[in-house]
Amino acid sequence: MSAVRQVFFIARRDFLQRARSKAFLVSMLIIVLLVAALGPLLALDDETPGPYDVGVVGVEPAGLEASLQSAVRLFDRRAVLHRYGSRAAGEAALQSGDADVLLVDGREVVWLEEPAPQLAAIVTGAVGETERRRVMDELGLSEDDVARLMAPSPLDSTTLREPDPEAEPRRVAAYAGNLVLYISILMFGQFVLMGVMEEKSSRVIELVLSRAQPRHLLAGKVIGVGALGLVQLVVFSVAVLIMLSLSDIADVDLTGLGLRTVATVFGWFLVGYGFFSVLYAALGATISRQEDTQGVAMIPVLFLLPGYFISFVALEDPDAAVAVVGSLVPPLSPLVMPIRSITGGVPVGEVALSVALLLVATYGLIRLGGRIYRGSILRIGARVRLREAWQASQR
Amino acid sequence: MLSLVDLHKRFGDVVALDGAGFDARPGRIVGFLGPNGAGKTTAMRCVLGLVAPDSGEVLWNGSPPTLRHRLRFGYMPEERGLYPRMRIREQLVYFAALSGLSRAAAAVSADEWLQRLSLADRANSKLEELSHGNQQRVQLAASLVHGPELAILDEPFSGLDPLGVDSMAAILRELAAAGAGILFSSHQLDLVEDVCEDVVIIAAGRVVLSGTLDELRNGSGYRYLEVAVGGNEWSPDIRGIEAIVGVTGRRRYVITADTPVDQVMAQAIAAGDVTKFALEPPSLSDLFREAVAR
């Protein structure tokens, strides 16, 4: 009986048992619902905004409609004028949402709540233009002069850099990918912890260890639960990619961006989960009671959270010193490097260094955590102190 | 053959094993007895490789067992436990496969055990849905599903009703008849007497008595005498003769080579109508008490 075969059977058991657990099934359902809900939201965001509804009551400045339309064009929007017989009717239209703003006697603007800055500028500009036209008429200026005053020759405009239509989608992808990574590492790490603890609390551990070495049991569990994590990521990614391929933003290859994000998340899940699952397993081996779970489950979170916070810095400025350092140093790197990779160009060498450092840290943790696991896995009852576990494993 | 040779093991200040050693031969059922804390469980865990002895060694057919050898051992720990939310058939297949059986062979063996323990109709039940007695049966099956050459059973009879005891005893006899070595610990000495052929008694981490049940009985310098006159218990009047009163109030006398049994008999006959005069070899309980008290 080869060790590989044993590890396979152990991994297979943990995979199947966890896959049937309520916690996993509920999480899968939530993912599918989330992605399904996200699709229509993206589609909504893609639509061009509707016209402004401008209500007018009382005296209407001459030429208001023409001025309004020319003012609103500057903002690439449209406006529809609604005329009401009384102020009360106009305010009722504001209340019901039929009008966005109400212009009373060409002198007062009424809003439902906060003034909308863009619309306020449009209406103020349009009313101002009607006023200027009236004054110019009074002064008796020629048509040419009026035209020169009203439409001064436009300024030349030059851009130094082409806008990157992918910049914003990349930020969103990086943010979403990071959130998925954080949740996945946390969730499947805790599955490992629960699995190890349950083997102790149910006392089955002695029977299992009479057949398999602790290190093979540990490896099987980490691999089985990790494989389940990959399955969940695959389902999630496929759902997201299908959704992205259906939505359509001009000039942006959403599917390509989605594939790059998915590949980054997968890669970093493998190495990040590798590190944290061993930490969770070692800690899980020190307890055998449900009520002790909360206490030890917090410890890996303390290692995971700093990376998560630094990832927000990296999202704003991928080249900030703290982001660069965080993306290289384990165990911060699994949550910082993906953000930098997705949002901006990170040299391949830097990514390779980051992965190498994390693998070295994981190897060290396997040596350390493996001993803690070995030293405490057969001790049922009160929580095993780490020093005791270390000493017990030396015997 | 399994041999434990001069095993020593300390846990902090507690001496669990202090030079324990004995053999368990193939095809024989060995009862492993001793007071609580005598070192039975530690010795069994040493055999399974769950505890590493400080010194001494465990030998399987003359050499230290490797993991591959240990996969041919079956183990029922004193602390019972299986996966509570796993279906019992899957559980048996898992443990058989973990011990080296192919998946197909594991499935066949699991089904045989379920059939044999009358649990075939519960094959897809989760362990936690079963009664306590049925969980015990699954536990036994999990220990033996891979057809071990050596079964190490820690208190296999504890918690069983009389019918459960009978079926467990039958299974052990069957296994031994098929050539497997069986080492089991127990506190129920009357039961051990019925089931086992060889006995090892351990006290304070040391083996104080071992051999076949017959050897041990014949080797004891003591006999036990029970006398009734006119249907009532009767006491002889002989200097130095010692009475043992059992928990049920049954009174017996310890007879050594020096005890004048003919005098006792003469006194009894003189006292009236002798309705019982039983001179018996020591029971296992007697041997146990003698050995542990030494």
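The values are calculated or read from the model by the stated rules, or taken from the named source; none is laboratory data. Here the structure is a predicted model, which means the values were calculated and not measured. Using ideal geometry, Cβ is built from the backbone for each residue, glycine included, and neighbour counts are taken over all protein chains shown.
Any idea which of (1) in contact with a Gly (Cβ under 6 Å, 6 or more places away or on another chain); (2) within 14 Å of chain B (Cβ to nearest Cβ) is the one A:L378 doesn't satisfy?
Only one criterion is unmet by A:L378, namely (1).
Does B:G179 count as surrounded by fewer than 16 Cβ atoms within 10 Å (Cβ to Cβ) and at pLDDT below 85?
The answer is no for B:G179.
Can you tell me which residue within region A:300-325, out of those that are assigned to a helix (DSSP H, G or I) and more than 19 Å from the chain's Cα centre (by Cα), is surrounded by the most Cβ atoms within 10 Å (Cβ to Cβ)?
Among those residues, the one meeting the criterion is A:P300.
Quick check, is A:R133 surrounded by 15 or more Cβ atoms within 10 Å (Cβ to Cβ) and basic (K, R)?
Criteria met by A:R133.
Report yes if A:R148 is out of contact with any helix residue (DSSP H, G or I) (no Cβ under 6 Å at 6 or more places or on another chain), in contact (Cβ under 8 Å) with a residue 40 or more places away in the chain and part of a helix (DSSP H, G or I), otherwise no.
no
Quick one: how many residues across region A:181-195 are in contact (Cβ under 8 Å) with a residue 12 or more places away in the chain and closer than 14 Å to A:G307 by Cα?
4
Has region A:69-78 got at least one residue that is exposed (fewer than 15 other Cβ atoms within 10 Å of the Cβ), among the aliphatic types (A, V, I, L, M) and within 14 Å of another protein chain (Cβ to nearest Cβ)?
no
Matching residues to (1) over 39 Å from the mean Cα position of the chain (by Cα); (2) at pLDDT below 90:
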site: A:E47; (1), (2): no, yes
site: A:H82; (1), (2): yes, no
site: A:R107; (1), (2): yes, yes
site: A:D144; (1), (2): yes, yes
site: A:R148; (1), (2): yes, yes
site: A:P154; (1), (2): yes, yes
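Do we have A:S393 as within 14 Å of another protein chain (Cβ to nearest Cβ) and among the small types (G, A, S) here?
The answer is yes for A:S393.
Of these, B:R103, B:R85, which one is in contact with a strand residue (DSSP E or B) (Cβ under 7 Å, 6 or more places away or on another chain), of a type in the set (D, E, K, R) and farther than 23 Å from B:E174 by Cα?
None of the others qualify; the one that does is B:R85.
In the set A:V234, A:V225, which member is free of Cβ contacts under 8 Å to residues at least 24 places away in the same chain, closer than 30 Å to A:A36 by Cα and assigned to a helix (DSSP H, G or I)?
A:V234
Please count how many residues of region B:47-102 are small (G, A, S) and either closer than 24 Å to A:R13 by Cβ or within 8 Å of chain A (Cβ to nearest Cβ) (or both).
Qualifying residue count for the region: 9.
Name, by its number, the condition in (1) in a loop (DSSP other than H, G, I, E, B); (2) more than 23 Å from B:E155 (Cβ to Cβ) that does not hold for B:H187.
(2)
Is it true that B:V138 is more than 10 Å from chain A (Cβ to nearest Cβ), under 26 Å from A:Q213 (Cα atoms) and without any contact (Cβ under 8 Å) to a residue 24 or more places away in the chain?
no
So, in region B:118-140, exactly how many residues are basic (K, R) and assigned to a helix (DSSP H, G or I)?
Summing the residues that are basic (K, R) and assigned to a helix (DSSP H, G or I) in region B:118-140 gives 2.
Table: residues versus (1) under 30 Å from A:M298 (Cα atoms); (2) under 27 Å from the mean Cα position of the chain (by Cα).
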{"residue": "A:T130", "(1), (2)": "no, no"}
{"residue": "A:R133", "(1), (2)": "no, no"}
{"residue": "A:D137", "(1), (2)": "no, no"}
{"residue": "A:L160", "(1), (2)": "no, no"}
{"residue": "A:P163", "(1), (2)": "no, yes"}
{"residue": "A:S201", "(1), (2)": "yes, no"}
{"residue": "A:S210", "(1), (2)": "no, no"}
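Would you be able to tell me the number of residues in region B:154-166 that are farther than 16 Å from B:Y75 by Cα and loosely packed, with under 15 Cβ neighbours inside 10 Å?
Residues meeting the conditions: 5.
I'd like the residue in region A:281-295 that is in a helix (DSSP H, G or I) and small (G, A, S) and, out of all such residues, is farthest from A:R371 (Cα to Cα).
Looking at residues that are in a helix (DSSP H, G or I) and small (G, A, S), I get A:G295.
What helices (runs of 4 or more DSSP H) completely inside region B:48-117 contain at least 2 residues that are crowded, with 17+ Cβ neighbours inside 10 Å?
Where helices (runs of 4 or more DSSP H) fall fully within region B:48-117 and carry at least 2 residues being crowded, with 17+ Cβ neighbours inside 10 Å, they are B:88-98, B:103-116.
Identify all residues within region A:183-201 that are within 14 Å of another protein chain (Cβ to nearest Cβ) and among the hydroxyl-bearing types (S, T, Y); write none if there are none.
A:S201
If only one of A:L112, A:L193 is under 30 Å from A:T293 (Cα atoms) and surrounded by 14 or more Cβ atoms within 10 Å (Cβ to Cβ), which one is it?
Being under 30 Å from A:T293 (Cα atoms) and surrounded by 14 or more Cβ atoms within 10 Å (Cβ to Cβ) holds for just one of A:L112, A:L193, which is A:L193.
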